[in-house]
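Worksheet: one structure, shown below.
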Amino acid sequence: DTPAGQVWINAAGGAWETGANWLSGTPANEPGALATFSTEAQAGGATVSLAAEATIGGGSVSSSSPYTWSGGTLVFNNGGTNAPWAVTAGSHTFASAVRLDSSLALATSSGAVQRVSGGVSGEGALRLNPAAAGGGTVVLAGANTHGGGTTLGCGTVEVESLADGGEACALGGASSDA
């Protein structure tokens, strides 16, 4: 069974681990759990802080004001299937580290932005805007080391740095093969 989605309700931001920040009173924090950020963030944005790891199977954000996730590691684990993350409005940032225990299907709608500045690790793949049309922008900013590779279906991906020869790279493992 897939756990029911947990809805974030604190427009001012706050600690991920605090039950009062979630509609059900329980934070999303288990493989397969869905985290929904449908509450409009306060003007100027809201920061959701993670004290440690938080594990989710996917989620979505639809606030036109920005959300930033910072602190601990946000782990995507959807039990071996793609973990979906959908951004339908606004410009949001994963400043926390992201670990892919499952592959992540990160979809942004046209005009929406998801910035990933905390680095991406783990064995899963990063599938950016996997649909054939209609994607927004994903910004990869950091030395990412995830092993599953990165693909782009549509939209725009901005990469702030690249490395080669098997070194840490914003697109996952790189190779010196031409």
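Some values worked out for this structure:
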{"read-out": "Qualifying residue in the stretch 86-98 (condition: at pLDDT below 95, of a type in the set (A, V, I, L, M, F, W, C) and assigned to a loop (DSSP other than H, G, I, E, B))", "value": "no"}
{"read-out": "Filtered residue count, the stretch 73-98, keeping only those that are open to solvent by 10 Å² or more (accessible area, probe 1.4 Å) and under 18 Å from Ala41 (Cα atoms)", "value": "7"}
{"read-out": "Residue within the stretch 20-34 that is of a type in the set (Gly, Ala, Ser) and part of a strand (DSSP E or B) present", "value": "no"}
{"read-out": "Criterion: open to solvent by 40 Å² or more (accessible area, probe 1.4 Å), under 25 Å from Thr150 (Cα atoms) and at pLDDT 95 or above - qualifying residue of Ser49, Ser62, Ser70", "value": "Ser62"}
{"read-out": "Residue list for the stretch 116-138, filter: among the hydrophobic types (A, V, I, L, M, F, W, C) and either free of Cβ contacts under 8 Å to residues at least 12 places away in the same chain or farther than 14 Å from Asn82 by Cα (or both)", "value": "Val116, Val120, Ala132, Ala133, Val138"}
{"read-out": "Some residue of the stretch 142-156 being under 24 Å from Ala46 (Cα atoms), at pLDDT below 95, in a strand (DSSP E or B) and not polar (S, T, N, Q)", "value": "no"}
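The values are calculated or read from the model by the stated rules, or taken from the named source; none is laboratory data. Owing to the predicted nature of the structure, the values given are computational and were not obtained by experimental measurement. Cβ atoms come from the backbone with ideal geometry, glycine included; neighbour counts cover every protein chain shown. Protein only, heavy atoms only, side chains kept; ligands, DNA and RNA dropped before computing areas. Shrake-Rupley method; radii C 1.70, N 1.55, O 1.52, S 1.80 Å.
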